[in-house]
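The values are calculated or read from the model by the stated rules, or taken from the named source; none is laboratory data. Treat the numbers as computed from the prediction; the structure is a model and nothing was measured. Cβ atoms come from the backbone with ideal geometry, glycine included; neighbour counts cover every protein chain shown.
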Amino acid sequence: MKNCIFLFLALCVGGLLPVQGSINAHLGKSLNHPLQATFVSFFGAIVVLFLLLLALNPSLPSVSQLKSTPAFYYTGGIYGVVFVTTILMLAPRIGIANTLVATIIGQLIVSVILDHFGAFGLVRHPVNGFRLMGCAGLVISLYLIQKST
């Protein structure tokens with residue numbers, strides 16, 4: 001029960017993804033190239049992050065903290081560019097529902113694998129039948145959503 005508020009928050013934030021994908025897809029058409037739309041999207045994110053950092057004033061990491069952090073931990077932005085650009089290219093072609101269900105399935109499968117191995121310092125949650133049924137349920141949902149279009 002203690003996780004209910006966090007699950008509700010995750011559901012609300014998840015609802016932003018189809019809005020972002022739809023807006024970025026239209027932006028890509030307006031700007032005539034998906035990478036330009038991705039740039040504008042990320043520029044907006046940088047502005048908001050800058051303002052939040054100014055408002056919250058967190059302490060800066062030390063040079064030793066920056067150096068001791070494994071290099072691959074700094075690659076998250078690359079995945080974001082690939083994700084945002086791919087969604088804005090797929091949404092006009094296959095629809096936002098098909099695009100997001102397929103990406104959510106990809107996210108879930110990789111998440112189950114990462115959890116199973118406790119990758120990147122995550123708490124280990126071994127694969128079990130319920131997790132596999134959850135993945136299968138999403139694959140069925142993609143089939144049903146695709147079938148209806």
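Some observations on this one:
- Test: residue in region 109-121 that is closer than 30 Å to S30 by Cα and loosely packed, with under 10 Cβ neighbours inside 10 Å: no
- Failed condition for L54, given (1) within 20 Å of V13 (Cα to Cα); (2) more than 15 Å from the chain's Cα centre (by Cα); (3) aliphatic (A, V, I, L, M): (1)
- Residues in region 78-111 that are in contact with a Phe, Trp or Tyr (Cβ under 8 Å, 6 or more places away or on another chain) and in the same structural domain as L35 (by TED's automatic domain parsing): G80, V81, V84.
- Listed by first and then second residue, the pairs with beta-carbon distance under 9 Å, at least 6 apart or on different chains, first residue in region 50-62 and free of Cβ contacts under 8 Å to residues at least 24 places away in the same chain, second among the polar types (S, T, N, Q), are P61/T69.
- Residue in region 34-42 that is over 17 Å from the mean Cα position of the chain (by Cα), on the phi < 0 side of the Ramachandran plot and aromatic (F, W, Y) present: no
- Qualifying residue in region 74-90 (condition: over 22 Å from V13 (Cβ atoms), touching a Gly at 6+ places or on another chain (Cβ under 9 Å) and not β-branched (V, I, T)): yes
- Yes/no for R124 being surrounded by 10 or more Cβ atoms within 10 Å (Cβ to Cβ) and charged (D, E, K, R): yes
- Residue in region 116-125 that is over 25 Å from P70 (Cβ atoms), within 20 Å of the chain's Cα centre (by Cα) and assigned to a helix (DSSP H, G or I) present: no
- Exactly one residue out of L144, L132, L100 is out of contact with any His (no Cβ under 8 Å at 6 or more places or on another chain) and at pLDDT 95 or above: that is L132.
- Any hit, region 128-144, residues being among the polar types (S, T, N, Q) and under 29 Å from F39 (Cβ atoms): no
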